[in-house]
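In what follows, a structure is listed as structure tokens, so that the remarks can point back to it.
The values are calculated or read from the model by the stated rules, or taken from the named source; none is laboratory data. As the structure is a prediction and not an experimental result, all values here were calculated from the model. Here the Cβ positions follow ideal geometry from the backbone for every residue, glycine too, while neighbour counts run over all protein chains shown.
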Amino acid sequence: MSAGHGTQPGGVVFDCDGVLADTTSCWDAAFCAAAREFGLILGSGQLTELRGAALASAAQRMRAWSPGSPALEEILLVLHEQLVLSIDAAPLALIEGVRDLLAELHGRVRLGVASNSPRGVLLRVLARLDITHYFATAISAEDVARPKPAPDPYLAACEALGVDPRRSFAIEDSQVGIRSAAAAGLAVVELAETPAPSLGLARRPDRALRVRSLTDQRIRPLLLGPATR
């Protein structure tokens, strides 16, 4: 970090799939459809392993699982095609609480998105949900050398926002994303099916809070405190 980072404000960087947009089923459908083209039926454990992964990472895993070891480039192409088809066919919906949270944070905290989606898919989802205007930057897997779980997407988002990662928050729902954000130095608000009490930042610098819903009343004061100092 440069010496100037100590005076930079913090920001809030959102994951997209599963945090902003209810697209988990779209990704699952794309993974399953692509797998079938290569003679592979994905089990629940394999789907869980693929969730949150960038398409390139998913293609590598599927190649290892597939009979006959098809070409990686072919799997990647089919995955991309199936994801676009799945997203375009879905009646996309915002995750509960997203719009209210964005409206409250907008103009008070610098906001960005860091996603393992391809850039075209990410921008299409944000536009269809009419939330593009809330974000000063949107970083996709195609914009960085290494996708999540590497720290690159979150570091790129913070650089574009002009914020210090160490004073910033990520909102994530996957272990792949949490690892990425924590490696970049952001504290994480984890959106999970199983809620848990707030965790001390001093004890767990990678986990600020674990919540079941973005309507949780603990989120706003947390993000509007250290993020705006």
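General remarks:
- Elements of the type helices (runs of 4 or more DSSP H) sitting completely within region 80-165 and holding at least 2 residues that are at pLDDT 95 or above and of a type in the set (Gly, Ala, Ser): these cover 119-128, 152-161.
- Single match in PRO118, PRO153 (criterion: buried (at least 23 other Cβ atoms within 10 Å of the Cβ) and outside the structural domain of GLY52 (by TED's automatic domain parsing)): PRO153
- Pair list, Cβ under 7 Å, 6 or more apart: region 63-74 residue hydroxyl-bearing (Ser, Thr, Tyr), other residue surrounded by 14 or more Cβ atoms within 10 Å (Cβ to Cβ): SER66/PHE38; SER66/LEU40; SER69/ARG63
- Of all the criteria given as (1) among the polar types (S, T, N, Q); (2) assigned to a loop (DSSP other than H, G, I, E, B); (3) within 19 Å of GLY18 (Cβ to Cβ), the one not satisfied by SER69 is (3).
- Just so you know, in region 8-46 the residues that are β-branched (Val, Ile, Thr) and in a loop (DSSP other than H, G, I, E, B) include one that is surrounded by the most Cβ atoms within 10 Å (Cβ to Cβ), and it is THR23.
- Odd one out for THR132 among (1) surrounded by fewer than 19 Cβ atoms within 10 Å (Cβ to Cβ); (2) more than 30 Å from GLN217 (Cβ to Cβ); (3) β-branched (Val, Ile, Thr): (2)
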